[in-house]
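Beneath this line is the structure, given in structure tokens, with notes to follow.
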Amino acid sequence: MRTDMLLCFCSAMYPDPFRVPGDNILVMCDCYEPPRLGEDGETKVPMKPIPTNTRHDCNAAMEKVKDQEPWFGIEQEYTLLNAATKWPLGWPECGFPGPQGPYYCSAGAGAAIGREVIEAHYKACLYAGIQISGVNAEVMPAQWEYQVGPCTGIESGDQMWMSRYLLLRVGELFNVVGSFDPKPVPGVSLSYSDVGILPCIERPHSALHSGAHC
């Protein structure tokens with residue numbers, strides 16, 4: 001069996017902010033292993049989502065509750081890195097910045113580092129129809145965040161994934177990398193808020209999963 005064959009199905013389409021004017025689009029796809037014959041040459045193995053296609057199960061869950069119109073908002077934090085050195089923008093070469101304090105929700109050179117990238121990403125998201133609803137600098141220089149939502153059901157995940165793609169594409173224009181790694185600098189702990197609140201999310205999630213009622 002060839003393992004390089006995949007079936008791709010269009011899941012969402014967005015106007016392409018990098019090819020204007022024109023009716024150009026960006027397409028998000030679900031990927032599946034094609035149906036095939038088993039090792040015995042007779043048993044038919046049905047099509048199934050590839051291991052990284054977690055959207056498949058999420059969409060199935062959203063379909064079950066679509067009559068309730070679930071709303072979601074997701075925050076994405078990231079760090080801007082020099083594409084060549086993989087070191088955060090604005091940091092001393094092979095060194096570290098000053099202490100936290102002047103960077104969070106900041107303005108001004110030396111504090112709001114990489115704003116031109118952030119503004120370009122924001123505009124790209126708006127053009128593409130992403131429901132981006134906010135952006136701000138974080139506590140570490142070159143660390144930023146943005147919010148997508150509220151969106152209904154599976155659209156929340158789709159728009160977040162597309163917004164991440166747009167960030168990487170915008171980064172190409174500035175020769176920077178938008179890193180989603182919570183620890184892009186070895187030995188340095190960042191203040192990613194989703195790391196701190198994760199236990200608070202997991203506890204009620206486990207209770208719901210077990211059938212408990214609040």
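Read-outs throughout are calculated quantities, based only on the coordinates presented, and are distinct from any laboratory measurement. This one's a predicted model, so the numbers in the text were calculated from it and none came from an experiment. FYI the Cβ positions are ideal-geometry reconstructions off the backbone, even for glycines, and counts take in every protein chain you see.
Numbers at a glance
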| quantity | calculated |
| --- | --- |
| FRET E, pair residue 37, residue 107, Förster distance 45 Å, beta-carbon r, rounded to 0.05 | 0.10 |
| R0 of 25 Å, Cβ-Cβ distance residue 136-residue 181: FRET efficiency to nearest 0.05 | 0.80 |
| Listed candidates [x] 1.28; [y] 1.41; [z] 1.22 - label of the one calculated as Cα Rg over 2.2 N^0.38 Å | [z] |
| Residue exposure sequence - 148, 177, 188 - by fewest surrounding Cβ within 10 Å | 188, 177, 148 |
| Principal-axis tilt of helix 155-174 within the chain, Cα atoms, nearest 10 degrees | 50 degrees |
| Exposure proxy ranking, count of Cβ atoms within 10 Å, fewest first, for 121, 56 | 56, 121 |
| Estimated [θ] at 222 nm from DSSP helical runs (n ≥ 4, -39500 (n - 2.57)) normalised by residues in the chain, nearest 500 | -9500 deg cm²/dmol |
| Rounded FRET efficiency, nearest 0.05, which uses the C-beta distance separating residue 18 from residue 52 and R0 of 22 Å | 0.35 |
| Whole-Hz couplings from phi, Karplus 6.51/-1.76/1.60, listed for region 90-95; x for Gly and Pro | x, 7, x, 4, 6, x |
| Residue order, fewest to most surrounding Cβ atoms within 10 angstrom, among 160, 13 | 13, 160 |
| Prolate/oblate/rounded label for region 41-147 (Cα gyration tensor, a/c 1.5) | prolate |
| Spin-label model distance (nm) - residue 164 vs residue 87, 7 Å beyond Cα toward Cβ | 2.8 nm |
